[in-house]
Every structure is written in structure tokens, then in C-alpha cells.
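> This is the structure, below, for whatever I ask next.
The values are calculated or read from the model by the stated rules, or taken from the named source; none is laboratory data. In this text the structure is predicted, and so the values were computed from the model without any measurement. Backbone-built Cβ (ideal geometry, glycine too); neighbour counts: all protein chains shown. In case anyone asks, the SASA skips ligands and DNA or RNA and just uses the protein heavy atoms, side chains included. Shrake-Rupley method; radii C 1.70, N 1.55, O 1.52, S 1.80 Å.
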Amino acid sequence: MRAPLAGPRVLLRRLREIMAEPISAQVRLDKIVVQIAANMVAEVCSAYILRSDGILELYASEGLKREAVHNVTLKVGQGLVGLIAADAQALNLPDAQAHPAFAYLPETGEEIYHSFLGVPILRAGRALGVLVVQNRAHRTYTDEELEALQTIAMVLAEMIAAGDLEGLSRTGAVLDISRPLTITGKGFCDGVGIGRVVLHEPRVVVTNLIADDIASERDRLNDALTSLRLSVDDMLARGDVARDGEHREVLEAYRMFAHDRGWVRRMEEAIVTGLTAEAAVERVQNDTRARLQRQTDPYLYERLHDFDDLANRLLRVLMGRVDGKLGMDLPGDAIIVARNMGAAELLDYDRTRVRGLVLEDGTPTSHVTIVARALGIPTVGRADNVVSLAENADAIIVDGETGQVHLRPGADVVFAYNEKIQFRAERQQRYRLLRDKPAVTRDGVSVGLSVNAGLLVDLPHLAESGADGIGLFRTELQFMIASKLPRISEQAALYRSVLESAAGRPVTFRTLDIGGDKVLPYLRVEHEENPALGWRAIRFGLDRPGLFRTQIRALLLASGGQELRIMIPMVTDVAEMVEARKLIDRELSHFDKHGHVKPSRLLVGAMVEVPSLLWQLDALMQVADFVSVGTNDLFQFMTATDRGNLRVANRFDPLSAPFLSALRSVAEAGRRAGVPVTLCGEIAGQPIAAMALLGLGYRSLSMAPASIGPVKAMLLGLDLGRLDGLVNRLLAAPGVPDGIRAGLRSFAEAEDVPV
Ligand code: PEP
Ligand code: MG
């Protein structure tokens, strides 16, 4: 008879010794189950490990028949063990055989044992196996015993994750941790990336699990909690809380959670069982993640996610990585995986090493997506749970066309993607051949194709794509990526480089469009309930003319005698255009007075992106030298759907009668007044939408550089005369769901137009 050992702390210490012994993984696992059984005074202790084929295999047992090890298997969901793995939840039963899920396995000889305690072996919320103890007597295990078994399961999870148990199965099966997974999200930026996972907020890997001194671990936890709470308070007090996507409500929830007594108590209890402070945080985080995986209520899902984020922060504080960066070297084939991130954070990465981006959230028109598109980074958004399922350095493929993310792909998937990359390279080559061809339809109508840009990295695309110019230069991006307000000389230097690289082709500089989802960390503005409808863009510019005038001066300085085009964002009332123009004229005369070289021609245009302008079009055309339709915003305001809210952003189709009618009225008003009209929203870059726009009368489009090839291929194959009338007919037809898109598609098919 073995004498029972006292308490989980002793057991953890014993486990640490076993982990350090120079023995094979199987012997180590065998010793571990013997120790657990002895410590918990159990007759049986068994470890079932999940294989990649979804089968749980008995890997070690003390108490069950020897020959059962590596021979007994259960499917996930089958029997009590399968149920624990499926639900990622513990079972504590005084009479296991009375449970409806009990499955009798004669080869184990377990029929003589009645009480049963089983816990999932969890990692990042996923069950990688099940750890069980059993006794002959009918008994209910205490909460302390349950906690102890959960703690030991963590040690086993680390062994599995470290690959120690790989290769032990007699069938040669691999374990679930290396299982290939496909997540289907939404394609945000086209392209395929093959590479390795880089978690944007790297999970801290806790390797030191077992405590030497309980009291000092408790102190460490309390100190870390204090500093976490202070940092959350600090972020809330700073007033720039929308930065990094950390919206105020999230932070307020964080503040509440950081004081949550239940959370703190559970971590303290885990320390008492013998874990280090960081292992205790992770233990409790594992439970949160297991609940997260099962959660279907979106509100609770978000809250659990917040808890998960908070636990990550706490881990970083405990491990001395307060800034959140682990200093990991970026591999040359990095695929960044994040819940969400700001545009500036994406720009922090070395572009030459980033092959793709995967986000759990995000929308096609959110700022980070626009920047990813400008950088040509294949991006998938709305990839559910990808952050918990991916590990740093996992192999990964991102398909921005289909929206699929393949984690740890098998050889066949990698092969298929290599083929796809080859095919795409050939297609790109064909687009390149189109580069110098004039953008003229089959029936001789020429169309202006320009690119959208905003950063120095965009500039080479202008020549590469063969575009006519830059139809939209988003000047706020320079401000967004800077850590402080760019000085006039810095602004002028950027604008000068842009004009130089455009080499005489027209460039339309849009004045600062700050506000909404575009937040400057260093510019303190009041918290707004609805920033998209708030104090932003030209509203801000007119109220605080200092910033606006400095920018105009920088633009005038940069233009150095060339033509200068300035575009005003978020114009809501024609009077704002008049006022903005006055400010510009004032700068111009100031400039003149000082004897600087004036632009050879100065054109001031308006963006049409607020619906109220649709009823002032004729007046607008009188005061604007050109207009450009910003469909990203116009669509969000017309349909009352937040472009950054993934629940509604794709709810309505821009290719629908009300929206297309609005776009047609702008084109018509421009034609009546002889004022050039462009369209620079994201839809201009989608061949089928671009075709509809040509049908509505648009002759100038501005888009992401990667879209120039596909849109040009479309228009080279299009006989516009045959499309004329179709769009108008479709708009007049009674509303059939999907009718316009379907009608355009069948036209393109019949006419062999590549859309
Ligand atoms: C738009 O609103 O369509 C647009 C082009 O501007 P942004 O996406 O920068 O708001
Ligand atoms: Mg806009």
C-alpha cells in the first residue's frame, strides 16, 4: 500500500521532478498517472489524448488493464470521456455507470469502479485530451480535488503542445494540436499569402508552472493586478481611448473586470494549489476560453473576449512585457493574425516581411483594410476564433479571394495553393501587359483610371499600374501613423514626393479627413457618442482653421508652380465649400504676397459623401472645380449602416436601385454643369460595379492600385453602347432582390466581359 501524499502542492513538486528526469515521454506519462492516482487516493488515473482524426486514445493508465493503453479509443462525444472533450467541461460523478453517456469498454476492466472525476486537458480553450481518476467506492470528489486535477491537466497540455507526446500512438496518428483547420471568413483584400503565423498580440507562453513559494506568488499576482488596474484607469483618463480600437466601452468593461472579485478569487485559489501567478492566470483563462468556444450569445461572447484580453495583459505584466511586444523577430513570410488592429499598427510591421493579414473582426472599408489594400497585403477578416486557434510560427495560408484561412495545412492544400499562386502570377502578367494599353472600351469610349493612395509606399504603384494619376490622396494617413502632429515641412516634403513620383500626372490631395474611425492619438478631442456623424473632416477644418491652413500652405509649397488639386471631404452644405475656398484663397494671396511660386492652376473640388449634397448638386457644381463621389461614406449614410460594424456593413448591396440612382444623379449634374465627376470609393475597384458605373455615365474612376488591371480588362472587353440603357432599365424595374447585380452579371456573361 502506498501512503497517500498530501495535497496538490506536493503533487506538483513531484511532477516537476518527473518532468526533469531523463526518461522517455511514455515513461514520463506513466509515472505521472501513477503519481496522480497515489496523491488523490484513486484506484485509477488515465490520460486520454485527442488525435487529429478526432479520436481520443488512452495514452497512459494506472489501474486499468495494461493492454488497454494505446488500444482503447473513443470518439469525441462518445462515452463520458468523449463528452468531457466535446463540452470542454469537467464531470464529477459518484456513480459513473448511472450516467446516460456511460459507454462500457470491457477491455479496460473499469466496470468495478463507480466514482469518476474527469477534466478536459485544455489549451487556449480547446480540449486536447481528458484526464480521469476513478474509485471503486461511490464518492463525490471535493472541489479541491477537481481543482487539483485541472491544474495537473495544464501540465499535460504543455507536454502535448511542446510535441512531447507526438509519435507515441501505435497507429502513428498525430495529435490534435497539429491538426489542419480551415476557417472561412471574408476576403477583404485579394491575393494569396503562404507563410507563418505571427500573433499581433502574442500569447505569453507560461513555462514556469509550479510555484516555489505560495505567498510570494500571491504577492506577485496582487502587484500585477494593481498595475493592470492603474494602466486601465490611465487609458480611460487619457481621453484618446478610441486609439488602437480600444473603445471606451471596452475599457470601461475592462475596468469593471479588473476588479471582479470572482476572477481574482479563482486565480488566488489556483495559486494555493501550487501554481505560479502566471500559471494561475492561465488556468483561469483556460476556463474562460472553454466557455468562449461554446458561447453563442454575441454579447456574452464579447464579454468573455474582454476577459481573455485582460488575462493576456495581466500575463504580460507578470512576465515583464508591459509593452505587449515580445521582441520576436518577424519571419520573412509573416502572416499577421489579430483580433483587430489600427492602421498605424499594421504600418509598424516591416512591409517586406508581411505576406498576409487575418483579422477576427474588421470590415472591408475599415481603415486597417484600406491600408492593407494599399500595401497589397492579402487580407481575410471575420475569421472566427483564429487568434485562439493559431499558434505563433504555425504554417498558414490566407486566401483573400475566397476568404479562407488554412491553419497548419496539409501537403495537398499547400500544393493546390502553389498552383493557385502560379495561376495568379500568370494573370498578373496578363494585367501587366494591359498596363500601357489605353483604357478604352470596345466601342471607343475612353475612361480615366486613377489610383487611391496615402502613403509613400503607394507611390511605386502609380507607374506599375499604368494609372492616369492619383484620384484620391488620403492626407490623413501621414497624420495617423505619426506619433505627433507632422510639421508643415514634413507635410510639404511628403506632398512634394507624391508630385515628383506622379511626374506630371494629376494628383488630387484630399484635405485632412480626421474623425470617425480615423483617430489621431496625439490630438485630444472630446469623446463623441457618434464620431462618424461628429466633429470631423472639413467641420473640424473650418472650426479650427489653423490645422487646415497649415495643410493648405504645405500643399502650395509642394506644388512649386505645378497644377494643384485640393479636395474637401465630408462637405454637407455648399456653404462649407464656399468657406473652405475662402480660406484657401487667403493662403494663396498670403503666398503671393511673399513672392512664392504659385501653382500654375489651382482646382478645388468637393467629395460627395454626405447624402444632403444630393439635393444641392446644381449649386455644388457652381462652386466646385470637380467632384468625387466617396461611396464608402455615401453608402453608409444613405443606408444608415456603419461601415465599420461587421454586423451591418454588408447587409445591403450598393448595386441596388436607390444607391445607383443617387450615383446617376451626381454624374448627370456634373455633365449638365460641365464639371468633371470621379468616383473614388471602394466599389470603383470591383469590375462588376465599375461596369455599372460606366452604364450610369461615369468616365473617371479611382481605386486601389491592384484593381486597375481587373477593371481595365473589364472595360477593354465592354461594348458600352450595348450596356447603355441596361442599367437604366434595371433601375426602373420593380425591386427584385439581387436583381441588378444578377442582371449585370448575365449581361457580362452574354457579352463575354470579364467581371
Ligand atoms: C469614401 O468615403 O468613399 C472615401 C473614398 O473616403 P474614405 O474611405 O477615406 O472615407
Ligand atoms: Mg469618406
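> Give the distance, in whole Å, between the Cα centre of region 575-605 and the Cα centre of region 686-755.
38
> Please give the helix 545-559 orientation as an angle from the longest Cα principal axis of the chain, in degrees from 0 to 90, rounded to the nearest 10.
Tilt of helix 545-559: around 70 degrees.
> Can I ask one more? Could you pull the Cα extents of region 440-538 along its three principal axes, largest to smallest, in whole Å?
53, 31, 18
> OK, next. Quick check: at a probe of 1.4 Å, how many percent of the accessible area of region 214-318 sits on carbon and sulfur atoms?
Carbon plus sulfur share of accessible area: 49 percent.
> Using alpha-carbon pairs under 8 Å, 6+ residues apart, how would you state the relative contact order of region 438-540 in percent?
25
> Where the accessible area of region 434-751 is counted over protein heavy atoms with a 1.4 Å probe, how much of it, in %, is carbon and sulfur?
The value for region 434-751 is 53 percent carbon and sulfur by accessible area.
> Any idea what diffusion coefficient region 604-733 gets from Stokes-Einstein, in µm²/s, Kirkwood Rh on alpha carbon pairs, 20 °C, 1.002 mPa s?
142
> Further question: How big is the antiparallel share of DSSP beta bridges in the chain, given as a percent to the nearest 5?
Within the chain, antiparallel bridges account for around 55 percent of the total.
> Over region 6-161, with every protein chain in place, what whole percent of the accessible area is carbon and sulfur at 1.4 Å, could you tell me?
Here it works out to 53 percent.
> Tell me the per residue accessible area of region 104-179 using a 1.4 Å probe; a whole number in Å² is fine.
35
> Can you work out the FRET efficiency for the pair ASP752 and ASN650, with r the C-beta to C-beta distance and R0 = 25 Å, to the nearest 0.05?
0.30
> List every residue whose amide H lies under 5 Å from the amide H of THR678, counting only residues 5 or more places away in sequence or on a different chain, with H placed 1.01 Å from N in the peptide plane.
Here VAL627, SER628, VAL629 satisfy the definition.
> Taking loop as defined by DSSP and a crowding limit of 13 other beta carbons within 10 Å, which chymotrypsin sites (Phe, Trp or Tyr not before Pro) in region 11-103 fit?
none
> While we're looking at this one, here's another question. Taking 8 Å as the Cα distance limit and 6 or more residues as the minimum spacing, I'd like the relative contact order of region 434-751 as a percentage.
Relative CO of region 434-751 lands at 19 percent.
> Turning to a different aspect of this structure: Per residue, what volume in Å³ does the convex hull of the Cα atoms of region 6-161 enclose?
Value for region 6-161: 101 Å³ per residue.
> Mind checking the per residue accessible area of region 643-755 for me, 1.4 Å probe, whole number of Å²?
40
> Could you do me a favour and compute the accessible area per residue for region 214-318, 1.4 Å probe, result in Å²?
Heavy-atom SASA per residue in region 214-318 reads 43 Å².
> Could you work out the helix-only [θ] at 222 nm for the chain, with each DSSP H run of four or more residues adding -39,500 (n - 2.57) and the total divided by the number of residues, to the nearest 500 deg cm²/dmol?
So the helix-based figure for the chain works out to -13500 deg cm²/dmol.
> Computed from the mean reciprocal separation of all distinct C-alpha pairs, what Kirkwood hydrodynamic radius does the chain have, in Å?
Averaging 1/r across every pair of different Cα atoms and inverting gives 29.2 Å.
> Contact order normalised by length for the chain, with contacts defined as Cα pairs under 8 Å and 6 or more residues apart; what percent is it?
10
> While we're looking at this one, here's another question. Return a single number: how many Lys pairs in the chain, at a sequence separation of 8 or more or on separate chains, have alpha-carbon atoms below 17 angstrom apart.
5
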